[in-house]
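Down below is the structure, laid out as structure tokens.
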Amino acid sequence: IYQVYKKMTQLPDKVVLFDGVCNFCESSVQFILRHDKTGSLRFASLQSEIGQQLLTAYGISHELQSVVFVESGKAYTKSAAAFRIARYFGGWWKLLLVFSILPAFITDFGYDIIAKNRYRWFGKKDACMIPSADIRSRFLE
């Protein structure tokens, strides 16, 4: 499915899907943009048409409370997505990958705590973020 979809839409190989109304998620996207040394990661909100299409294509629930990272035809969620994204960081931030040796049930537990409380702790917007002109090309809509 992914290969057909990619050919139809010329979808980039590395896509970060994020909650576009979550303040914490927007801050995370800004962090990724600053630390993605390859400049190869692209972004779309989960609420967007392309985000919804990718969730469907990969059989992921539209109710999922997680970042999704699509890379090389495979979708990763929760802490697995975060660790895959961190591989593109430069400098000391790559040290975050040391936590990827922990079992997923441990890292996902921590991820789930933040995901379930993100609106309460960090707030929520009424609409998805609008990227500035200098980073707009990194967003799929």
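The values are calculated or read from the model by the stated rules, or taken from the named source; none is laboratory data. Treat the numbers as computed from the prediction; the structure is a model and nothing was measured. Methodologically, a virtual Cβ is constructed for each residue, glycine included, from the backbone with ideal geometry; neighbour enumeration extends over all protein chains shown. To get the accessible areas, we keep the full protein, side chains included, count just its heavy atoms, and leave off ligands, DNA and RNA. Shrake-Rupley method; radii C 1.70, N 1.55, O 1.52, S 1.80 Å.
For Tyr119 and Glu141 in one chain, what is 0.36 nm times their gap in residues minus the Cα-Cα distance, to one decimal in nm?
Gain on extension, Tyr119 to Glu141, equals 5.5 nm.
If you roll a 1.4 Å probe over the chain with all protein chains in place, what percent of the accessible area is carbon or sulfur?
That fraction is 61 percent.
Highest mean first, what order results for 46-55, 83-92 on Cβ atoms within 10 Å?
Result, highest mean first: 46-55, 83-92.
Nearest 500 deg cm²/dmol is fine: what mean residue ellipticity at 222 nm does the chain get from its DSSP H runs of n ≥ 4 alone, each adding -39,500 (n - 2.57), divided by its residue count?
It comes out at -12500 deg cm²/dmol, rounded to the nearest 500.
Translational diffusion coefficient, Stokes-Einstein: compute it for the range 22-64 using the Kirkwood radius over C-alpha pairs as Rh, at 25 °C and 0.890 mPa s, and state it as an integer in µm² s⁻¹.
211
Using the heavy atoms of the protein chains alone and a 1.4 angstrom probe, what is the accessible area of the chain per residue in square angstrom?
Per-residue accessible area for the chain comes out at 58 Å².
Just to check, using Stokes-Einstein with a Kirkwood Rh over alpha carbon pairs, what's the diffusion coefficient of the chain at 25 °C and 0.890 mPa s in µm²/s?
158
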